[in-house]
Amino acid sequence: MFMFLLVSCSVSLLEFACAVVYLDADTIVVKSIEDLFKCEKFCANLKHSERLNSGVMVVEPSEAVFNYMMSKVNTLPSYTGGDQGFLNSYYSNFPNAHVLDPNIPQEVLKVRPVPEMERLSTLYNADVGLYMLANKWMVDESELRVIHYTLGPLKPWDWWTSWLLKPVDVWQNVRERLEETLPASGGGKNPNDELLVKFLSCYLSVFYSFVTIVLFFRQGAFFSELHYAITSDTFTS
């Protein structure tokens, strides 16, 4: 699976603290996500199905937690057969976790127990599947942090999806501003896609011309038959 990792670490003589933000490849950051590094152990978003979504996560690296997870891989069920299903079994109480509040004062953070898990606001994992249900975001669009293109066949890197899903424009607008670091990565241009678009345009033009000609001749034949019927002796009698 493709992914992006953002790591923030602070090191001193007496402590080592590190947070890792995981982002699926079908997500795009549209606003600062620095607040995610205020998550202390494990954070993710709860989707409409009451299940943890692993597309955007914050984790505190821990060898002990990793080893314990590995010991449970063969015994805990996974409804997806992959990481998301396993994490839902491992963090079975996740739906009851509190929502991460990045604005909690430091004085409060120092005295409260560190939560084992916290839920992320929808702003950090805005699901385009939910967008399609209402044809709009169910949260303040100006406050969105991360958009997640969860719909399997409608991924934003496929040029034609923008015709069906408006939030794909956000992805494409960013792509068009990219410098060309890899072949076909600059300006959102892809030679294969451009060739396909030209082929489809040519095909549609020819098809339209063909249909127009057929309709023209059929229309001509219709009027000829109508004229014959009007002027014929059979019709006038």
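A few points about this structure:
- Packing-based ranking, highest mean first, of 35-41, 132-138, 202-208 given that Cβ atoms within 10 Å are counted: 35-41, 132-138, 202-208
- Segment Gln172..Asp83, full-extension length gain: 29.2 nm, with 0.36 nm per residue of separation and the alpha-carbon distance subtracted.
- Ordered by the number of other Cβ atoms lying within 10 Å of each residue's own Cβ, fewest first, Asp127, Asp140 fall into the sequence Asp140, Asp127.
- Put a dot 7 Å past the Cα of Leu215, heading toward its Cβ, do the same for Tyr91, and the two dots end up 5.6 nm apart.
- Less than 5 angstrom separates the built amide H of Thr150 from those of Val128, Gly129, all sequence-distant by 5 or more or on a different chain.
- Residue order, fewest to most beta carbons within 10 Å, for Leu130, Leu120: Leu130, Leu120
- Shape box of segment 26-74 [Cα atoms, principal axes, largest first, Å]: 37, 26, 18
- Derived scalar couplings between HN and Hα for segment 59-66 equal 10, 9, x, 8, 5, 5, 5, 4 Hz in order, rounded to whole Hz, by the Karplus curve 6.51 cos²θ - 1.76 cosθ + 1.60 (θ = phi - 60°), x for Gly and Pro.
- Relative exposure of Ile213, Ile28, Ile147, judged by other C-beta atoms within 10 Å (fewest first): Ile213, Ile28, Ile147
- Computed from backbone phi, the HN-Hα couplings of segment 71-76 come to 6, 9, 4, 8, 10, 7 Hz, rounded to whole numbers (Karplus: 6.51 cos²θ - 1.76 cosθ + 1.60, θ = phi - 60°; Gly and Pro given as x).
Read-outs throughout are calculated quantities, based only on the coordinates presented, and are distinct from any laboratory measurement. Predicted model only: the values in this text are computed from it and were never measured. Cβ: placed from backbone, ideal geometry, glycine included. Neighbour counts: every protein chain shown.
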